[in-house]
């Protein structure tokens, strides 16, 4: 994607801060996921199983695929002084045939020890794992539960203000954000409209906030967002205004002794959606137990979508995963998914007219940070 106005602004900021009198400290890092998976049981003859809605990552039936979950990312931060820095992150994904994209490009102003302002392009902070979702090593699974993390826009251009403070024995982080996003040829939309069908999407006046509270072995997170939402068809220039949309989520993360619990719930309302009012809710709950370097885990995820008050897309997935930490910076994973599809093949359903069908899939992955 090309973000000329944003790039010009941040380039001007760099030139302003990086004068000969100031030394620039640069740090870099990266992450890698190599994954291979296969859908080996499928109810429908020519369907596929979705691994990543946001990036359009899908596994086709009856053949091994390396692309849907594999990715390589590079990140760098230039620090000009204790108050100002510039961060960029680029990711290339197998889900989009190795195409690279600029995920982050933002300036940070550390106003005080507790208050931080960031301006530029960032991950849209809707979910607990939003900021780290591409870094496979941070996840106990091969992939995030698709039912709970399926969303058509994952970044935004704008600003966010972060305030960190201790509330008694609780550490708290509060954030507010505002911006816009244009996503051309959205791969998310192709899951529903068909491969090769281009849909451009625009979110306007994205406004929201989130709050994270942590203490000992418990971390809680709550978020809310509201925005305008438009889709357009480049083939005929038509634009559809889908009105306003709202998003709410809550998450709980527990690491108690050797027990691991991950849970998250989200609710999406699009009451003025052009075709029919849409209301979604999604959730997942995962429980695991660490055995030295091993982490076996069972995770149940569910998605329920209604259009005009009628049940539409409804799926649930049971994921049995196993992680083995090779080192502090690398891990091997295996995952077995059992998908059950209870969708109604009515309006707005998968691929416009068909159900997902019941599926089973096996995936192996190698994750590393460097």
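Within a 10 angstrom radius of the beta carbon, how do 257, 43 rank from fewest other beta carbons to most?
Least to most surrounded, the residues fall as 257, 43.
Under the 0.36 nm per residue contour assumption, what length would be gained going from the current alpha-carbon distance of residue 23 and residue 138 to full extension?
Length gained, residue 23 through residue 138: 38.2 nm.
Grab the beta carbon distance between residue 226 and residue 291, set R0 = 30 Å, and tell me the FRET efficiency rounded to 0.05.
For residue 226 and residue 291, the calculated efficiency is 0.10.
Residues of the range 133-171 with backbone nitrogen within less than 18 Å of a virtual label 7 Å along the Cα-to-Cβ line of residue 111, please, listed as ranges.
Under 18 Å, as judged by backbone N against the label point of residue 111, lie 158-166 of the range 133-171.
Could you tell me the calculated FRET efficiency between residue 74 and residue 254, based on Cβ-Cβ distance and R0 = 30 angstrom, to the nearest 0.05?
That gives a FRET efficiency of 0.40.
Subtracting the Cα-Cα distance from 0.36 nm times the residue separation, let me have the gained length for residue 182 to residue 169 in nm, one decimal.
0.6 nm
Given the range 241-325 reduced to its alpha-carbon atoms as identical point scatterers, what log10 I(q)/I(0) does the Debye formula return at q = 0.19, 0.23 Å⁻¹?
-0.84, -1.04
Order these by the 10 Å Cβ neighbour count, fewest first: 262, 183, 63.
Result, fewest neighbours first: 63, 183, 262.
Based on the inverse mean of 1/r over its pairs of different Cα atoms, what is the Kirkwood hydrodynamic radius of the chain, in Å?
21.7
Tell me whether the range 63-137 comes out rounded, prolate or oblate; compute the Cα gyration tensor, take square roots of the eigenvalues as a ≥ b ≥ c, and use a/c under 1.5 as the rounded threshold.
prolate
I'm checking a number: the convex hull volume of the Cα atoms of the range 203-263, normalised per residue, in Å³. What is it?
Hull volume normalised by residue count: 91 Å³.
Can you sort 264, 219 from fewest to most other Cβ atoms within 10 Å of each residue's own Cβ?
219, 264
Let me make sure I get this right: for the range 151-230, a, b and c are the square roots of the gyration tensor eigenvalues over alpha carbons, sorted descending. Under 1.5 in a/c it's rounded, otherwise prolate if a/b > b/c, else oblate. Which is it?
Prolate shape, in that a/c is at least 1.5 and a/b is the bigger ratio.
How high is the FRET efficiency between residue 246 and residue 324 when r is their beta carbon distance and R₀ equals 41 Å, given to the nearest 0.05?
0.50
Please sort 271-284, 129-142 by packing, taking for each peptide the average over its residues of neighbouring beta carbons within 10 angstrom, highest first.
Top of the packing list down: 129-142, 271-284.
In nm, to one decimal, how far is the modelled label at residue 217 from the one at residue 97, with both set 7 Å along Cα→Cβ?
With each label placed 7 Å out from Cα toward Cβ, I get 4.9 nm.
Per residue Cα convex hull volume for the range 282-346, in cubic angstrom?
Roughly 93 Å³ of hull volume per residue.
Read-outs throughout are calculated quantities, based only on the coordinates presented, and are distinct from any laboratory measurement. Just so we're clear, the structure is a prediction, and the values are computed from it rather than from any experiment. Positions of Cβ are backbone-derived with ideal geometry, glycine not excepted, and every protein chain shown enters the neighbour counts.
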